[in-house]
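In what follows, a structure is listed as structure tokens, so that the remarks can point back to it.
The values are calculated or read from the model by the stated rules, or taken from the named source; none is laboratory data. The structure displayed is predicted, hence computed values, not measured ones. Backbone-built Cβ (ideal geometry, glycine too); neighbour counts: all protein chains shown.
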Amino acid sequence: MKPVILAEKPSQAKAYADAFSVRRNEGFLEILPSPIFPEGAYITWGIGHLVELKEPHAYDPKWQKWSIGSLPILPERYEFQVAQGKSKQFNIVKKLIKGTDTVINACDVDREGSNIFYSIYHQTGARGQTIKRLWINSLEVDEVRKGFSNLLDNRKDLLLYEEAKARQISDWLVGMNGSRLYSLLLQARGIREVFSIGRVQLYPLKETGVICKHMRVMTCTNFTRT
């Protein structure tokens, strides 16, 4: 069987393809037989996160409406879904992965790359394939060929995935609960805006100033002279 190489994004897949003779198809590339891949191989890709955590209301309808009474949002188990607008590429990846016995994780060499690969792999429902890891820090043709000639097992990769998945779930919990709580509390003070709470927030200076102003309003409102 031809192994399936899963890249994180189209540009990365193209860089891998530049090291081989390939035939282009919709959503994937076919590597023609070569010394590294005697039977050939397939390269396909994600579009960043093809798979994401489900929204709160997918677990329980009571979490559809924002209310302090429905907090905290704590599902018994966390479920994933194909990201909106990405079903077409996911189905291409799924068909290729389920039709092979060897899958090569060629996503970025970091925790997030491992998380992207395994979240896609698990969502396909595939089981029992041998999983190998491409571990390179350069997309130069010689390095790509060297990397595919010296693939690693997935033991270290699985640890990176578990770490990234735990962080992803914790970010989801903080975001879903914190954003609703703070937005509802501020709205009760007459501030009709929705605020995003989370570990990483990139606010323009103008928005940061708005938040600081709102916090001063809350402080003044809650102030009691002694």
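What are the residues in segment 21-54 that are surrounded by 13 or more Cβ atoms within 10 Å (Cβ to Cβ) and among the acidic types (Asp, Glu), if any?
Glu30, Glu52
If only one of Leu29, Leu6, Leu74 is in contact with a Cys (Cβ under 7 Å, 6 or more places away or on another chain) and either over 22 Å from Asp110 (Cβ atoms) or modelled with pLDDT of 95 or more (or both), which one is it?
None of the other options fit; the residue is Leu6.
Looking at this structure, is Ile73 β-branched (Val, Ile, Thr), touching a residue at least 40 places away in the same chain (Cβ under 8 Å), more than 30 Å from Lys146 (Cβ to Cβ) and not in a strand (DSSP E or B)? Can you show your working first?
Details: β-branched (Val, Ile, Thr): yes; touching a residue at least 40 places away in the same chain (Cβ under 8 Å): yes; more than 30 Å from Lys146 (Cβ to Cβ): yes; not in a strand (DSSP E or B): yes.
The answer is yes for Ile73.
Among (1) surrounded by 13 or more Cβ atoms within 10 Å (Cβ to Cβ); (2) farther than 25 Å from Leu173 by Cβ; (3) touching a residue at least 24 places away in the same chain (Cβ under 8 Å), which single condition is Asn91 missing?
The one condition Asn91 does not meet is (3).
With the requirement that a residue be surrounded by fewer than 17 Cβ atoms within 10 Å (Cβ to Cβ) and over 15 Å from the mean Cα position of the chain (by Cα), what does segment 94-124 give you?
Result: Lys95, Lys98, Gly99, Asp101, Thr102.
Please work out which residue is farthest from Phe117 (Cα to Cα), limiting yourself to segment 76-88 and to residues that are small (Gly, Ala, Ser) and without any contact (Cβ under 8 Å) to a residue 12 or more places away in the chain. Show your work before the answer.
Taking segment 76-88 first, the residues small (Gly, Ala, Ser) are 83, 85, 87.
Filter once more, keeping what is without any contact (Cβ under 8 Å) to a residue 12 or more places away in the chain: 85, 87.
Values: Gly85: 18, Ser87: 16 Å.
In this case the residue turns out to be Gly85.
Quick one: in segment 41-56, which of the residues that are in a strand (DSSP E or B) and out of contact with any Pro (no Cβ under 7 Å at 6 or more places or on another chain) is nearest to Trp172 (Cα to Cα)?
Step one: of segment 41-56, the residues in a strand (DSSP E or B) are 41-45, 51-53.
Narrowing further to those that are out of contact with any Pro (no Cβ under 7 Å at 6 or more places or on another chain): 42-44, 51-53.
Numbers: Tyr42: 33, Ile43: 31, Thr44: 28, Val51: 14, Glu52: 10, Leu53: 8 Å.
That would be Leu53.
Give the residue that is nearest to Val82 (Cα to Cα), with candidates limited to residues of segment 14-40 that are in contact (Cβ under 8 Å) with a residue 60 or more places away in the chain and outside any loop (DSSP other than H, G, I, E, B).
Filtering first and then ranking leaves Phe28.
So how many residues does segment 152-164 have that are crowded, with 18+ Cβ neighbours inside 10 Å and either within 30 Å of Ile197 (Cβ to Cβ) or not charged (D, E, K, R) (or both)? Can you show your working first?
Filtering segment 152-164 down to residues crowded, with 18+ Cβ neighbours inside 10 Å leaves 154, 157, 160-161, 164.
Next, only the ones that are either within 30 Å of Ile197 (Cβ to Cβ) or not charged (D, E, K, R) (or both) stay: 154, 160-161, 164.
Final tally of qualifying residues: 4.
Considering only segment 93-201, give the helices (runs of 4 or more DSSP H) lying wholly within it that have at least 3 residues that are touching a Cys at 6+ places or on another chain (Cβ under 6 Å). Working first, answer last.
Working: elements: 111-124, 141-149, 155-188.
Result: 111-124.
For segment 5-20: of the residues being within 17 Å of Asp142 (Cβ to Cβ) and among the small types (Gly, Ala, Ser), which is surrounded by the fewest Cβ atoms within 10 Å (Cβ to Cβ)?
Here the answer is Ala15.
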